[in-house]
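Worksheet: one structure, shown below.
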Amino acid sequence: MLHVYALLRRPATVPATAGIDDAPLRVVTVESEIEAVVSDTNGPGAPGEAAILAHARVVEALAGANDAVLPARFADRIADEDDLRQRLHGRRRELTGAFRRVSGCVEMGVRAFRATKASQPRPDSGRAYMQRRLDDVGSAEQLARQLDEALAALVREGTSRVLASGESLLAAAYLVPRAELEQFRAAIGAVERARPELTLVTTGPWPPYSFALLDADAA
Amino acid sequence: MSSASPALQQQVTLIELVDRVLNKGVTLTGDITLSVAGVDLVYVGLRLLLASVSTLERLDGESP
């Protein structure tokens with residue numbers, strides 16, 4: 001079986017990194033101008049901690065050494081090289097478009113939390129609970145709009161989803177040209193100062209996991 | 001300046017990483033049902049969670 005880490009434009013630069021279970025990485029040409037970085041594996045298993053981290057490390061290293069990387073979804077185990085080529089057959093246009101989309105960009109994550117105050121009473125009735133949840137959804141939607149406005153000129157794309165569960169309000173991801181990273185962080189800082197009742201946590205730069213599919217929102 | 005504590009930053013980074021590796025990326029098999037879109041942390045191994053909790057505790061212990 002093959003574990004696929006990412007798809008890259010040919011010729012891919014593969015850093016000297018080992019894959020899952022220290023398996024060596026190798027390159028499979030899937031189309032005339034597309035390559036996959038894979039390692040051999042002993043068949044399907046539950047996604048464990050070590051494997052998840054090893055996968056992430058390889059994708060990260062590839063993203064650092066290549067202009068455009070499309071991370072592969074973790075659980076997709078592939079029988080062999082022919083199986084891989086067959087599965088990607090007919091998707092050249094989609095993949096070429098995705099490479100163009102992420103080229104020169106990194107992904108940044110933003111999560112928003114309601115800053116908890118010890119003095120704030122816990123909702124003591126179902127009605128109070130529902131009201132708080134409604135308030136959270138409204139607050140999250142408002143923040144999503146605020147972020148979109150603040151970042152519009154800086155990012156190539158963005159996607160967000162309202163969580164409103166517990167203290168979590170919003171999870172957003174942005175496709176940011178490398179040159180705009182500093183501006184991006186500054187813009188997030190400005191939004192955070194405008195919303196002192198929230199805590200924003202920015203993560204990244206990540207490889208463009210959330211933008212590897214052309215219709216990321218539909219996936 | 002972000003007001004997030006290092007412990008929160010670290011925990012969120014872990015959640016974001018696992019969410020990306022398991023739920024995002026190009027699907028090769030076309031089997032979307034394998035993913036757990038929209039559900040955070042479902043797949044996270046217990047050890048991974050425990051690791052983040054112990055990290056949190058350690059960080060808390062280090063802070064003055």
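The conditions are (1) part of a helix (DSSP H, G or I); (2) surrounded by 12 or more Cβ atoms within 10 Å (Cβ to Cβ); (3) modelled with pLDDT under 95, and A:ASP217 fails exactly one of them. Which is it?
Failing condition for A:ASP217: (2).
Would you confirm whether any residue within the stretch A:58-81 is part of a helix (DSSP H, G or I) and touching a Gly at 6+ places or on another chain (Cβ under 9 Å)?
Yes, the stretch A:58-81 contains at least one residue that is part of a helix (DSSP H, G or I) and touching a Gly at 6+ places or on another chain (Cβ under 9 Å).
Let me spell it out: the conditions are (1) surrounded by 16 or more Cβ atoms within 10 Å (Cβ to Cβ); (2) polar (S, T, N, Q); (3) closer than 27 Å to A:THR203 by Cβ, and A:THR41 meets all of them except one. Which number is the exception?
Single failed check for A:THR41: (3).
Take the residues in the stretch A:176-194 that are of a type outside the set (A, V, I, L, M, F, W, C) and surrounded by fewer than 19 Cβ atoms within 10 Å (Cβ to Cβ), then tell me which one is nearest to the other protein chains (Cβ to nearest Cβ). Even if it seems obvious, please write down each step before you answer.
Taking the stretch A:176-194 first, the residues of a type outside the set (A, V, I, L, M, F, W, C) are A:177-178, A:180, A:182-183, A:185, A:189, A:192-193.
With the extra rule that they be surrounded by fewer than 19 Cβ atoms within 10 Å (Cβ to Cβ), the set shrinks to A:177-178, A:182-183, A:185, A:189, A:193.
Values: A:PRO177: 19, A:ARG178: 18, A:GLU182: 14, A:GLN183: 16, A:ARG185: 9, A:GLY189: 6, A:ARG193: 9 Å.
Top of the filtered list is A:GLY189.
Assess whether A:GLY166 counts as being free of Cβ contacts under 8 Å to residues at least 24 places away in the same chain, away from chain B (no Cβ under 14 Å) and within 16 Å of A:ARG114 (Cβ to Cβ).
Numbers: free of Cβ contacts under 8 Å to residues at least 24 places away in the same chain: yes; away from chain B (no Cβ under 14 Å): no; within 16 Å of A:ARG114 (Cβ to Cβ): yes.
Against the criterion (free of Cβ contacts under 8 Å to residues at least 24 places away in the same chain, away from chain B (no Cβ under 14 Å) and within 16 Å of A:ARG114 (Cβ to Cβ)), A:GLY166 does not qualify.
The values are calculated or read from the model by the stated rules, or taken from the named source; none is laboratory data. Source: prediction; values computed, not measured. Here the Cβ is made from the backbone with ideal geometry for all residues, glycine too, and neighbour counts use every protein chain on show.
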